[in-house]
Structures are given as C-alpha cells and as structure tokens.
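First the structure, in the form of structure tokens, and then the observations on it.
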Amino acid sequence: MARVNHKLVKQRLNEKRSKITDKQFFSSRMLAGHFEDLAAAQTRRYHYNRRVRVNLYWKPKDAFTAATDNMQIRINTGHPLVTKVKGRENRYQLVCGMFAHELGHVLFTDFLSAQTYHNYLDSFKWYPRPPAFRLAADARNEKAFWEYVKEDPKNLQMVHQIAANIANIIEDGYIENRMLNSFPGTLGYGLETLRERHFDEIDTVTELIAKETDDGRHILESILQIMLSYAKFGRIKYGDEPKTDERIKTVFGLIDDIDEALMNRSGKERWNAVNTVMIRCWEYIQDFCEVCKERQEEAEAAGGTVTVAETLSEILSSIAGTSEVGSGTSTPVPEASGNTDKSATAAARAETQSVASESESDDENASPQTESENNENASESGEASNQPDDSENAQPGGGGSGSGKQQTSESEKGRIPYQQTDGISAPVGGSVTKNSGYQREQYDRAASDIERILDNMAEKAACRKGYYICEELESERIRELNEAAQSISYGDIHSGVNIRVNRIASVDPELVEQYDAICNPLISISRQLQKSLLRQLKENRRGGKQTGLIMGRRLDAHALCRNDGKVFYKNNLPNEIPELAVGLLLDESGSMCSCDRCTYARAAAIILYDFCESLEIPVMVYGHSTDYYDGKDSVELYSYAEFNGFDNDDKYRLMDISARGSNRDGAALRYVAEALSKRSEAVKLLILVSDGQPADTGYYGTAAEEDLRGIKQEYQRKGILFVAAAIGNDKQNIERIYGDSFLDITDLNQLPTKLTGVVKRHIRV
C-alpha cells in the first residue's frame, strides 16, 4: 500500500496550482533547477565539469537584469523587460533568453583576458598589443589617451569603466552569435525572442539625437548604442538621419574591426578591438569623462557620496539592449568538434556594410591618408618597427608571401586554393527561385515546459514552503493530532497533565544532510533483512501455483516421479498481505543519552521504517518525553512518521530523535495504542523501546507500573500486540511490567535485527 495520501495532496494541488502567480513561478527554485538541468544537458559536449547555478528573483524596481560571475547566473525575472510582456509563455521565453545570454558568457567569455587587460591598463600598457593606426588622427589620439590616463587616478577609473562597457558590447555580440549557432533549440529560440525585444527597444539615431538635446545625453552614449546595435544585430536604426551623421560615420569606420572581433575565437583579439575603439573614439570619450567628473562634483557639493566611476556606470547603464558587465576567473570552454565560424546575422551585416561603403564613396569630405602622414603617425606612436611591411610580397587574392597561391587552413576542408587562370567555366544553366514560405525553426514546447514545471512546483518544491500544499496539510495534521490527544481519557493518574503533540511541518536541509550522512549502511542492513521475505510477499500478492503438496485435488504431472508423495498442487489467489500495521514508541528521556542509547534507537528506527516502507507495511514512529509549560507538567509526544503521509520526508524527521526530559510512559503509550487501534489491519503491533521504568513528577513506582499493565490489557483486548524492548539497566523492571511482551536487547548492535525480527514473526504469509 502507498503511504502518501495522493488523493488529498492532488486535491490541494489542483486548488493551489491555479493560484501560483508569475512572481512565485519565475522566482521558484524549480524553474532555476530547470535551467540548471538544461544547461547541463546542452553543454555536455564541451566537457564542462562545473554545474552552472541559477538564482532567480523578482524585483520590479531593480534596474539590474542579469549577470554571471562564471559560477552563478543571476536573473531578475521581475524586470520590466519581462513583466511588460503579456502571457506566461512569452515571459518564459524572455527569461530563457536571458539565461541563454548569460550561459553564453559562462561558456565563451575569456574572463582571465579581461583581468589581464585591466592589469596592463593600470601599468599604462596596451593588451594584447597596441592598436593599429588607420587614420591621421589615431596617433594623436593615442598620445592624448595616455596623457589623460596618467593625469588623474579618476581618469584611469573612468577609462577602465568605459573599456569594460565597450568590451561588453563586443562580447555580447560574440557570445550571442556563438549561442545561436551552437544551440538552435530551446536556448536559441529563447535568445532570439529576447533579441527581438531588445532590438525593438533600441532608439533610432534620430531619437538618440533628440535625447542629446532634450535629456542631456552625451554623444558617446549614442555612438555606443549604435555600436551595440550593429555588434548584436548587424543592423542600425537610422531613423531620419543621413548616413553622413557623425555618429553613424564613426560606427561605420569601426565595422571591419567589430566584425573581425566577433568572428575571432580569441578573447585577446576582442580586447584588441576595444583598444581600436578607444583610440578612434577618444575625443568623444575624453569629453564624456569630463562631463562625468562635473556631475560627480555637483553631486558631492549636494552632499552625495557617489564616485565618478559610479556616476559613469549609471549613465552608461541606460544603453538599451546591453547586459551587465560580467566577471569571473575562467577561460572559455574547449572548442567542440564541428563548430564553424559563421555569423547568425550575416545578411543584416552585409546590408549594413553595403550602406557603409556607399556612404564612404559619396563622402566628399573623405581624404585618404598620405604616406607622409602614415610615417609621421607611426613614428609618433613608436610602433613603426613592430608593423611588418608585406607589400612587396602581396599576391592577388590575399595569398601568403611569394606563394602565388591563396593559402588555405585546415578548417576550410577542401577549399580550392587561388591559382592564376586564363578562362572561366562555361555556363550550365540553372534557375533562381524564391522560397516565400520559409520560416525559421520554432521552439513550440514552451507551454509544455511551463505546465511540467508548475506540476513539479506543486508536487515537490511546493511541499516545503509556507505557501505550498504539504506544509499546509502538515499544519492541519498537527492541529488534528493535538485535538485527538485531548479527546483521549488518560485516567486519574494523569489528571492535570498537559498533552502536546509535536511534529516538524517542513523539513529543513540540515536534517536531510544529517540523514544522507548516515543512511547508507543502515539502509543496507534493512535491505539484507528484507531478502528472506520479499520474494514470498511478491508471490503472495501476485498469486500463482503452489506445488509439492501431499494432499489436494490437482495432480502435478511433473512430480509423479517423486517418492515422498508430494505430487499435488493448487492455484493461489492473489493475497494482499501483510495485513499488519506497526507502531514504534521510543523513550526519549534524558537517560537515553547514556552509552549512545539514543543513537542506537535512532538507527533502529531508521532501519525499521525503511524495512516496513519497502515491504509496504504501514508504520508510525513516535517519541515521548516530558516538559513544563503554562505552570503544568506536560507530556511531549513527537510525531516522526505517520501512517498516511503528505510528503516523503518522514525518514528525515527521524533524525530529530533525541534524549530530552523525563518519561511518563502511560500517557504516551495510550495515545499511540489508541491511534493504532483505529487501523483496519488484522494484526496491530506496538513496539516500545525504553531504557528504564517510568519516572516523572507524581508518576513512578507501583502506581505507574499498574497504569502501564492496565493499558496493555485494555488494548490487547482491542487486538494490539505489545513488545517492550529493554535497552537499559532496568531490564528486570521492564520485564516485570510487560511480562510475556518483554524483549531483552542486551547488545545494542542487535536492536535493528531484533525489532525487524518481531515484525517478521507477525506477518501472515
């Protein structure tokens, strides 16, 4: 028989399931576990040995969206980015996209290179190398950059912050491209949904310019916003602005560097792109830093304590579509076989690059850099000697030095190298058609994911917290147990004594850890004790043919050769056995701490509980002691396991068995016997484990012993079998009280075997 009261739990589950709010769902540990399992399954190909932990919380007023420290992913599921979208399924897709983005950082971001970059910057050095100069102003900008950085520590702080934001923009584009190519299913579709939402939120260039005028935004913020738009989506929202606008032109001038960084697997190369952006945009960056310093000084004058770096960070956080700057101490995961360097936004980038090329060709103000300017700039930077000149050896098609052929890499797998030819292939026909019905692969299992998680929340996670079902049912059970305790007549000897039932409504993780630490050898003992009964019980429940009978009406043809006359058989009907219910009552008096008696009793309870559970024998486990509250003596009953459970945590509750106060055996024995007497099983077995005589205020000696004998006789008439296991020094007194129900356990190591042996003898097979 199943112990858990599934019908009642299911009833409450259906009542509560519909009341689970988005806040409860999207901040649940169950959903976080779902993402953790998803990440583990999807990243197995990379042999990523660390489990990614996910922390979901709901704070609508917090500007924070999501971030990772490479060990944990934190997501604010209550952010307006999510809550402004209607429908739980749509919100789920967005949260899944946020998770996929941060997982991309965990897998593909080179956090160690980031640390190295900032260490180099503190030493006033470029990492991994100085930026290449392409414009006349680049050398001047580099010189001004280092002068500014060395001038004031505040300047260095701000440059650090800006470099980190630029790197994050490029990194966001890189990792999202990798995620879209590597995980086209659940993660990819969620990320696509998030990207669509982000792109919709991005302002057009016209709107950005208006905010510069109306809201005091700096032009650098607009440039970074446009840069982010291109890095992530390959597109720029121009609005009504001409392509000659300085913001657009600035980003156009960085397209090649951004594309190269996005397609390069080396984190160092992406930081090198940061260097290029810093130098090419230095005039805007320097002016922006000065504005931030002014704002910080104004804040200080008004009594504020914000730093200039914090001021700058707050301003840059307004860039739509960017994520929090991540942190960590790891390198990217090893490359998986079969990965190719391809862009998920190739078509959009090609279109933008075409617009940029047209803009350059139409720009009458564009003037190519002269050779003298190049030489002058190179000498100013001090890097001319580090730049090799391969112009003499350059070959058509971009081939290597003097090769006459275009070099190919191993990853290109069979690409034909460049060779000079004097003709082209003849046309062979063909056609061009438009597939107007093509749509990207859709992930259509979001609804089923949500339904499954909701069910799991109600059935599992819901069982442990205040709102949820099982704790609610357990609270009601505690009230009912105490009401039942008050309805029992305990006799004059217990008059004026309070009776109180204690039970843990929600098991805390500490009890689970304690149980897991000791359970393995105890469960092994239980399994060994079950072996002799398990096969016979299964056969009886299943029914079947019983052979080897001396008498009967059916002759077994296969047994006619036997000489002992056992040649008959019969068919047994399925038999639902055992018809047995077990109650275990443990003495938890202070003396149980002596000689580790309480430890042995706890171990015996765990073994007996598992033994009965495995054999589907209903079992209840109680402990008893005494206390003093409200000016009266009190009998404290501790419910560890009940016949009908609402969860599967009773085995953990057994870890609370302890040595406590005195022992008023009669009241506790009557309570457990009364509960056992209401069972429908034919055999009801009550096992009492004690280390001594009853001993409490006004309850000891002959009077207490007579009370116990009377309780035993009364409930024996009601069909209850008593077994009193003596584990202390008062064995003779316990035997005198319980008579033929006495069980001597001199060796505490034999306690589990003796108790389970008692159960075995009373199973009707």
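The values are calculated or read from the model by the stated rules, or taken from the named source; none is laboratory data. Computed from a predicted model, the values in this text were never measured in an experiment. We place every Cβ from the backbone using ideal geometry, glycine too, and count neighbours over all the protein chains shown.
Yes/no matrix, rows are residues, columns are (1) farther than 15 Å from ILE166 by Cβ; (2) at pLDDT 85 or above; (3) within 38 Å of the chain's Cα centre (by Cα); (4) of a type in the set (Asp, Glu):
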residue: ASP257; (1), (2), (3), (4): no, yes, yes, yes
residue: ALA273; (1), (2), (3), (4): no, yes, yes, no
residue: ARG280; (1), (2), (3), (4): no, yes, no, no
residue: GLN286; (1), (2), (3), (4): no, yes, no, no
residue: CYS292; (1), (2), (3), (4): yes, yes, no, no
residue: LEU312; (1), (2), (3), (4): no, no, yes, no
residue: ALA320; (1), (2), (3), (4): yes, no, yes, no
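Can we say LYS243 is under 24 Å from ALA66 (Cβ atoms) and either over 31 Å from the mean Cα position of the chain (by Cα) or buried (at least 23 other Cβ atoms within 10 Å of the Cβ) (or both)? The answer is no for LYS243.
The sole residue among SER506, SER475 that is more than 30 Å from GLU706 (Cα to Cα) and assigned by TED's automatic domain parsing to the domain that holds TYR609 is SER506. Cβ-Cβ contacts under 6 Å between residues 6 or more apart (or on different chains), taken from a first residue in segment 197-217 that is closer than 28 Å to VAL95 by Cα to a second residue that is modelled with pLDDT under 90, are listed as HIS198/GLY321; GLU201/ALA320; ILE202/ALA320; ILE202/GLY321. Of all residues assigned to segment 123-137, none qualifies as being surrounded by 17 or more Cβ atoms within 10 Å (Cβ to Cβ), in a helix (DSSP H, G or I) and more than 27 Å from the chain's Cα centre (by Cα). Cβ-Cβ contacts under 7 Å between residues 6 or more apart (or on different chains), taken from a first residue in segment 691-708 that is within 21 Å of ASP744 (Cβ to Cβ) to a second residue that is assigned to a helix (DSSP H, G or I) and of a type in the set (S, T, N, Q), are listed as ASP691/SER591; GLY692/SER591; GLN693/ASN733.
Taken over segment 639-666, the criterion of being over 34 Å from the mean Cα position of the chain (by Cα) and either among the hydrophobic types (A, V, I, L, M, F, W, C) or in a strand (DSSP E or B) (or both) is satisfied by ALA659, ASN663. Checking each residue in segment 575-608 for being over 24 Å from ILE734 (Cα atoms) and of a type outside the set (A, V, I, L, M) picks out ASN575, GLU576, PRO578, GLU579. For segment 637-688, a residue qualifies if it is farther than 24 Å from ASP610 by Cβ and either hydroxyl-bearing (Ser, Thr, Tyr) or surrounded by fewer than 22 Cβ atoms within 10 Å (Cβ to Cβ) (or both), and the qualifying residues are ARG660, GLY661, SER662, TYR671, GLU674, SER677, LYS678. Do we have LEU94 as more than 20 Å from the chain's Cα centre (by Cα) and part of a helix (DSSP H, G or I) here? Judged against the criteria, LEU94 is not a match.
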